[in-house]
Every structure is written in C-alpha cells, then in structure tokens.
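What follows is a set of notes on a single structure, which appears directly below.
The values are calculated or read from the model by the stated rules, or taken from the named source; none is laboratory data. Everything quoted here is computed from the prediction, not taken from an experiment. Every residue, glycine among them, receives a Cβ derived from its backbone with ideal geometry; neighbour counts consider all protein chains shown.
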Amino acid sequence: MKSPDRNTVSKMSDLPNVGKAISADLERIGLTHPKQLIGKDAYELHKLLCTELGWRQDYCIIDVFLSAISYMEGGEALPWWHFTEERKLNIK
C-alpha cells in the first residue's frame, strides 16, 4: 500500500487508496492538493460530489474519502475497507 510522506505529498493520486478516478472526483469538487483534505468531512464531500455529478455516487466512495482524510490527518495507511464499518454506523 502506498504510504507517501504526508508532509510533502503533492498529488491526490499518490495517497493510499486514491487512484486517478478518485483524484478526478476530488478535483471535480475543488480539492486539488492532499493537504486540502485535512479537516474535511467525508460525508459532506460525498454530498458535494453527488450534487456535482447529478446522481448519487456509491457510498463506498465515502470509505475512500475517510481513509484519505485519516491518512492526511496523521492516521495509518489502511485499506479503504477498514472504514466501511464506520460509514455504515453513520449512514442509516
């Protein structure tokens, strides 16, 4: 799993669990640098993305957002599915 230096990483696609598609989704909602993820709410990002796209994006995207935010805020580089249970507890 990717584990770049969170202090110097400059591309979203270099973050754990973030590839070209998720990077493009984040850019679509105005986030172009990994440090912009610090302090963000993954659920709000999902809502913004759905609004921008005009349809509801799969909830699994929230897991990826949670993992990327956690990593940038000092957490371990964990697979996105480690965040699925947290998401399920927060979305009824």
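Here are some notes:
- Subset of segment 31-59 [farther than 22 Å from TRP81 by Cα, in contact (Cβ under 8 Å) with a residue 12 or more places away in the chain and part of a loop (DSSP other than H, G, I, E, B)]: LEU31, THR32, HIS33
- One residue from ILE29, ILE22 being of a type in the set (A, V, I, L, M, F, W, C), at pLDDT 95 or above and more than 13 Å from SER67 (Cβ to Cβ): ILE29
- Filter result for ALA68 (on the phi < 0 side of the Ramachandran plot, loosely packed, with under 13 Cβ neighbours inside 10 Å, assigned to a helix (DSSP H, G or I) and not β-branched (Val, Ile, Thr)): no
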